[in-house]
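K.L.:
Dumping the structure here so I can ask a few things about it.
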Amino acid sequence: MNNYLNLLIDDTKNIMNSVSIIMVEDYYKTGHYITDCMSWASDDLVDIYTKDLLDWACDNYDMIDESINELGQPDNFLDIIRQGQYYSNDKQMYEDLNEIVKLSALYMIDDNEQKDNLNEVDIDKIIDELDLETETFEELSDYITDSINELVGGLEDE
């Protein structure tokens, strides 16, 4: 069973941007609003070294330009690049929002003490019935816990 869960985790990560994976791994246990965590992670993932910022800027001028159009133009040259990188990170995470919710749910299943009592069908049922518009990691965690308890409880009653 763990192999199946790990396969689902890997498959989900394979279709996601790296910034989204980092965000999930850093924040899924917090209980906070998912979009707040995305914003915090977007900021946390902005390069702090000038060389790294300049290297990123060389390949991402379009993101810098788009961020200026959307957010305005900062006064400082490096802040323009930082804003572009923040904007790029945030945009990538919003593109991955459904996968962020799914990967977080899979990690929560993996963290649950009852995971070994679940089979592939149970895991698929939990993921298939997942509300991809869940607003907080706390709501998602409650859903996972309730779903597992219902499935495991149902198994014990049989």
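K.L.:
Rounded to the nearest 20 Debye, what is the dipole magnitude of region 36-95 about its Cα centre when Lys and Arg each give +1 and Asp and Glu each give -1 at the C-beta?
P.N.:
100 debye
K.L.:
Further question: In a GNM of the chain with a 10 Å cut-off on Cα contacts, which of 55, 128, 43 has the highest mean-square fluctuation?
P.N.:
55
K.L.:
Within region 1-108, report the trypsin sites (Lys or Arg not before Pro) that DSSP leaves as loop and that have at most 15 other Cβ atoms within 10 Å.
P.N.:
The qualifying sites are 29.
K.L.:
Would you mind working out the magnitude of the charge dipole of region 1-108 relative to its Cα centre, with +1 at each Lys and Arg C-beta and -1 at each Asp and Glu C-beta, to the nearest 20 Debye?
P.N.:
Computed about the Cα centre, the dipole is about 420 debye.
K.L.:
What FRET efficiency, computed as 1/(1 + (r/R0)^6) with R0 = 22 Å and r the Cβ-Cβ distance, is obtained for residue 136 and residue 95, rounded to the nearest 0.05?
P.N.:
0.60
K.L.:
Also, quick follow-up: Using a simple spin-label model with points 7 Å from Cα along the Cα→Cβ vector, what separation in nm is obtained for residue 79 and residue 14?
P.N.:
4.4 nm
K.L.:
I would also like to ask the following. Could you tell me the center-to-center distance, by alpha carbons, between region 3-18 and region 97-158 in angstrom?
P.N.:
So the separation of the two Cα centres works out to 15 Å.
K.L.:
Same structure again: Using θ = phi - 60° and the Karplus form 6.51 cos²θ - 1.76 cosθ + 1.60, what ³J(HN,Hα) does each residue of region 113-125 get, whole Hz, x for Gly and Pro?
P.N.:
Per-residue couplings from phi come out as 4, 8, 4, 6, 8, 9, 9, 4, 5, 4, 5, 4, 4 Hz.
K.L.:
Could you give the nm distance between label points at residue 55 and residue 121, where each point is 7 Å from its Cα heading toward the beta carbon?
P.N.:
The answer from the label model is 5.1 nm.
K.L.:
May I pose another question? Give the residue from 27, 67, 140 lying farthest towards the positive end of the charge dipole for the chain; charges sit on Cβ (+1 for Lys and Arg, -1 for Asp and Glu) and the dipole is referred to the Cα centre.
P.N.:
67
Any read-out appearing in this document is the output of simple, stated calculations on the displayed coordinates, not a laboratory observation. As the structure is a computational prediction, the values presented were derived from the model and not from experiment. Here Cβ is always computed from backbone atoms with ideal geometry, including for glycine, and neighbour counts include all displayed protein chains.
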